[in-house]
Amino acid sequence: SSNFVGFIGLGNMGVKMAKNLLQKGENLVIYDIRPINIEQFETKPKPIVVDNLKEVARKSKYIITMLPSSDSVMSTYTDDDGILKNCPHENAIFIDSSTIDPNISKEIWKLANKRGHLFLDAPVSGGVVGAEAGNLTFMIGGCERIPEYIEKLLLKMGSRIIHCGSSGMGQAAKLCNNMLLGSTMVAVSETLNLGMKFGLDAKVLTSIINSSSGRCWSSEIYNPVPGVLENVPSNRNYKGGFTTNLLLKDMKLALKLAEKTNSSVLLAEKALEIYNNAIVTKGIENSDFSIIYKTISEKK
Ligand code: NAD
């Protein structure tokens, strides 16, 4: 029946977002290319787990995707056995919260539009902490005003919805943000490491930064030094957050936009180089990106 919401991509972010929807009364049909560990969903009612995209499309008029890459989003939507070609509903609404190339969003928007459906790029900020707390920010492209039902749905996972413009503009906003995030995480790591090497306590220095002009998300919400904050990846050996691989994907997409628009991004280029080198020398690609602090602090 069509009162199911489809959810595709149950990774670090997707599981937490889906759990909030379930806890707030939504019926979910979920699918991931990897077998889903249903034990992760201890809540009742549990979601319906299916093993193919057609089944998600058939059961749900509204579908959310939370996938790792432009390619995985493109194939999920446009393959012969993907969700666009197998959608039996009229005026279906697709919400892609992955971070991908804005041009791919535009392409899918057009294909959906031809079939009478709406495709929104709706990437999020707030990280796994925000996904768990249900206070993500959604950046919407592809629609001037989203339908009320969709607004309610998104507000079960987030606390803010910002309309950015035409299709792809949500993604553009997200990429700008993540380019900055990549730089601030390196900057916070270098700063805390410097202070600690001189003998300052990481918590003391952090609390000064957070009440001073250096304050930012990387220092305040997602501090990279183990022991400063409790519920963050740095405090669990950099597991279960936002992988360096995914950050690099976003920074590269942002640099692509910079090239297109002839914008100067020297600092971001340097930050990208720092992450790339750390991947080569330390193999940090599958750890949370705040592990860059560890690489910096271990550097002789
Ligand atoms: P993840 O790698 O943990 O999860 C992605 C999930 O998608 C995995 O479970 C994977 O098995 C599944 N998957 C891959 N290809 C698939 C396919 N073709 N069909 C169905 N399922 C498929 O990634 P994540 O950290 O949850 O991030 C998801 C997206 O959200 C990425 O685009 C990322 O850039 C973005 N994002 C992540 C964060 C974060 O803090 N982790 C924050 C904001 C945005």
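Bear in mind these aren't lab numbers, they're just calculated from the coordinates by the rules spelled out. Nothing here was measured: the structure is a model prediction, and the numbers come from that model. Virtual Cβ from ideal backbone geometry, glycine too; neighbours counted across all protein chains shown.
After finding the eigenvalues of the alpha carbon gyration tensor for the chain, what semi-axes result from the square roots of 5 times each, listed largest first in whole Å?
35, 21, 17
Work out how much length Asn135 to Ser72 would gain on full extension: take 0.36 nm times their residue separation and subtract the Cα-Cα distance, in nm to one decimal. Working shown, then result.
Values: separation 63, 0.36 × 63 = 22.68 nm, distance 2.56 nm.
Extending this stretch completely gives an extra 20.1 nm.
How much length, in nm to one decimal, is gained on full extension between Ser211 and Cys176, taken as 0.36 nm per residue of separation minus their Cα-Cα distance? Present the calculation step by step, with values, prior to reporting the outcome.
Numbers: separation 35, 0.36 × 35 = 12.60 nm, distance 2.51 nm.
10.1 nm is the gain from fully extending Ser211 to Cys176.
Kindly provide the pair-distance distribution of region 1-83 built from C-alpha pairs, with 5 Å bins from 0 and whole-percent values in order of increasing distance.
For region 1-83, the binned pair fractions read 3, 16, 29, 28, 17, 6, 1 percent.
Please give me the summed charge of the neighbours of Val15: other residues whose Cβ is under 12 Å from its Cβ, Lys and Arg +1, Asp and Glu -1.
On the way: positive: Lys16, Lys19, Arg34; negative: Asp32, Glu39, Glu42, Glu132.
Local net charge: -1.
What net charge do the residues around Met157 carry, taking every other residue with its C-beta under 13 Å from that of Met157, with Lys and Arg at +1 and Asp and Glu at -1? Please list the in-between numbers first.
Details: positive: Lys16, Lys19, Lys24, Lys152, Lys156, Arg160; negative: Glu26, Glu132, Glu151.
Taking every Cβ under 13 Å from that of Met157, the sum is +3.
For region 158-284, what relative contact order do you get, as a whole percent, if you take Cα pairs closer than 8 Å and at least 6 residues apart?
Working: 96 pairs, mean separation 30.9, N = 127.
Value for region 158-284: 24 percent.
Could you give the distance between the Cα centres of region 1-65 and region 246-300, to the whole Å?
32 Å
Could you please state, rounded to a whole Å, how far the C-alpha centre of region 198-232 is from the C-alpha centre of region 132-172?
Answer, in whole Å: 30.
Over region 205-269, calculate the relative contact order: mean separation of alpha carbon pairs under 8 Å at least 6 apart, over the residue count, as a percent. Please report the intermediate quantities before stating the final value.
On the way: 40 pairs, mean separation 9.4, N = 65.
Reported relative contact order: 15 percent.
Restricting to region 1-159, what percent of DSSP beta bridges are antiparallel, rounded to 5? Kindly include the intermediate steps, with their values, before the conclusion.
Numbers: 3 of 24 bridges.
Taking every DSSP beta bridge within region 1-159, about 10 percent pair in antiparallel fashion.
Can you give me the long-range amide H partners of Gly158? Hydrogens built in the peptide plane at 1.01 Å from N, cutoff under 5 Å, separation of 5 or more residues or another chain.
Leu136
Given region 4-165, what whole percent of its Cα pairs are spread farther than 27 Å? Mind dumping the intermediate values first?
Values: 1734 of 13041 pairs.
Of the Cα pairs, 13 percent sit more than 27 Å apart.
How far is helix 102-114 tilted off the main Cα axis of the chain, in degrees rounded to 10, range 0 to 90?
10 degrees
Arrange the peptides 254-261, 32-39, 224-231 so that the one whose residues have, on average, the most other Cβ atoms within 10 Å appears first. Could the numbers behind the result be given before it?
Values: 254-261: 14.6, 32-39: 11.9, 224-231: 16.9.
Final packing ranking: 224-231, 254-261, 32-39.
In degrees between 0 and 90, to the nearest 10, how far off the longest principal axis of the chain does helix 169-198 point, with axes built from Cα atoms?
20 degrees
Compute the angle between helix 266-282 and the longest alpha-carbon principal axis of the chain, please, reported from 0 to 90 degrees and rounded to the nearest 10.
90 degrees
Evaluate the distance, in nm, between pseudo-label points positioned 7 Å from the Cα of Thr43 and of Asn103 along their respective Cα→Cβ axes.
Label at Thr43, label at Asn103, 3.8 nm between them.
Any of Lys44/Lys174; Lys270/Lys300; Lys197/Lys294; Lys106/Lys260 with alpha carbons more than 22 Å apart? Name them for me. Provide the component values of the computation, followed by the final result.
Details: Lys44/Lys174 33 Å; Lys270/Lys300 19 Å; Lys197/Lys294 13 Å; Lys106/Lys260 16 Å.
Pairs exceeding 22 Å: Lys44/Lys174.
What would the Debye formula give as log10 I(q)/I(0) at q = 0.20, 0.22 Å⁻¹ for the alpha-carbon point model of region 172-298, no solvent?
Listed by q, the Debye log ratios stand at -1.13, -1.31.
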